[in-house]
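Asks: I have a structure I would like to understand better, so I am pasting it below and will then ask my questions one at a time.
The values are calculated or read from the model by the stated rules, or taken from the named source; none is laboratory data. These figures come from a predicted structure and were not determined experimentally. A quick note on method: Cβ atoms are made from the backbone with ideal geometry, for glycine too, and the neighbour counts reach across all protein chains shown.
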């Protein structure tokens, strides 16, 4: 089983649009399975339009609750709370409470409970491109890394149960906790980069993160023709970091038009130069040494 995770140093680089396009190509073999690990801002489902067949609550961290029958009003908890979440009448403001649990540990009367909270939901669905595991974290909720780890575990189990040997994961942007949870143990990463100064900076941070976890990466420069000079700089930097370059994708309104229709690139419009380029990028990715360590002439054929 191989897992390809598509990530980016920031949001808005076109990562999800390319993930959906790759999913459409991989579905030709009916051996792939999809995962949306961008739980803080999940949007792959907007293009996949999955039919949810299993929904499960995600239980994350706790929030403090003071039991008035046990509380003596000693005041020990109030100065300990760095978030000023406990009022003078010893009631907990759930918006201010960060769930650190300090008040629970130091309450001399054991009057503070710490029940686990429902932080979101995760789903197992069917899509027109195969099974899909995805999730939605609640607004302003934490434990996104824990939720990412959970759905990656579930998608692997589902892939084993259905004998599918390729997982395509739409990863979160940046280098934070959910990204770390999304890339650990992956077969390879595709890093989507925009040709800007910030894009170069973000790419280098993601490359360093991938190197730390010893996950091989590949670079795709999206909208490369908007700034050819910066594209060349990004490709030079990738080469210096020993990261493979698998292609350039031009700026093309067809991506936006297809998103508006809730379709992938290959479901919208006639075959164009952009369609051909994205197919070539996918072929390079799936036949790369990290995804195809045995050097099979056409690994894509093995997942069909």
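Asks: Check every one of the strands (runs of 3 or more DSSP E) wholly within region 107-224 and list those with 2 or more residues that are under 17 Å from residue 4 (Cβ atoms).
Replies: 130-137, 166-173, 188-193, 217-222
Asks: Determine whether residue 99 is part of a loop (DSSP other than H, G, I, E, B), surrounded by fewer than 15 Cβ atoms within 10 Å (Cβ to Cβ) and free of Cβ contacts under 8 Å to residues at least 60 places away in the same chain. Explain how you work it out, then say what you get.
Replies: On the way: part of a loop (DSSP other than H, G, I, E, B): yes; surrounded by fewer than 15 Cβ atoms within 10 Å (Cβ to Cβ): no; free of Cβ contacts under 8 Å to residues at least 60 places away in the same chain: yes.
Considered against the rule, which asks whether it is part of a loop (DSSP other than H, G, I, E, B), surrounded by fewer than 15 Cβ atoms within 10 Å (Cβ to Cβ) and free of Cβ contacts under 8 Å to residues at least 60 places away in the same chain, residue 99 comes out as no.
Asks: Residue 83 passes all but one of (1) assigned by TED's automatic domain parsing to the domain that holds residue 136; (2) closer than 18 Å to residue 142 by Cβ; which number fails?
Replies: Failed condition: (1).
Asks: Please state which one of 187, 256, 231 is over 14 Å from residue 10 (Cα atoms), in the same structural domain as residue 173 (by TED's automatic domain parsing) and at pLDDT below 95. Before you say what the answer is, go through the steps one by one.
Replies: Working: 187 fails: at pLDDT below 95; 231 fails: at pLDDT below 95.
Going through 187, 256, 231 in turn, the sole match is 256.
Asks: Now a separate question. Could you count how many residues in region 285-299 are crowded, with 16+ Cβ neighbours inside 10 Å, at pLDDT below 95 and under 24 Å from the mean Cα position of the chain (by Cα)?
Replies: Residues meeting the conditions: 6.
Asks: For residue 234, indicate whether it is within 18 Å of the chain's Cα centre (by Cα) and surrounded by 15 or more Cβ atoms within 10 Å (Cβ to Cβ).
Replies: Details: within 18 Å of the chain's Cα centre (by Cα): no; surrounded by 15 or more Cβ atoms within 10 Å (Cβ to Cβ): yes.
No: the conditions fail for residue 234.
Asks: Also: Kindly establish whether residue 37 is at pLDDT 95 or above and in contact with a strand residue (DSSP E or B) (Cβ under 8 Å, 6 or more places away or on another chain).
Replies: yes
Asks: Here is a follow-up. Take the residues of region 262-291 that are touching a helix residue (DSSP H, G or I) at 6+ places or on another chain (Cβ under 8 Å) and not in a helix (DSSP H, G or I): which is farthest from residue 210 (Cα to Cα)?
Replies: 269
Asks: Restricting attention to region 44-66, which residues are touching a strand residue (DSSP E or B) at 6+ places or on another chain (Cβ under 8 Å), surrounded by 15 or more Cβ atoms within 10 Å (Cβ to Cβ) and over 30 Å from residue 102 (Cβ atoms)?
Replies: Once the filter is applied, which keeps residues that are touching a strand residue (DSSP E or B) at 6+ places or on another chain (Cβ under 8 Å), surrounded by 15 or more Cβ atoms within 10 Å (Cβ to Cβ) and over 30 Å from residue 102 (Cβ atoms), region 44-66 yields 44, 45, 48, 50.
Asks: Applying the selection to region 114-127, what residues are surrounded by fewer than 14 Cβ atoms within 10 Å (Cβ to Cβ) and modelled with pLDDT under 95?
Replies: Correct list: 115, 116, 118.
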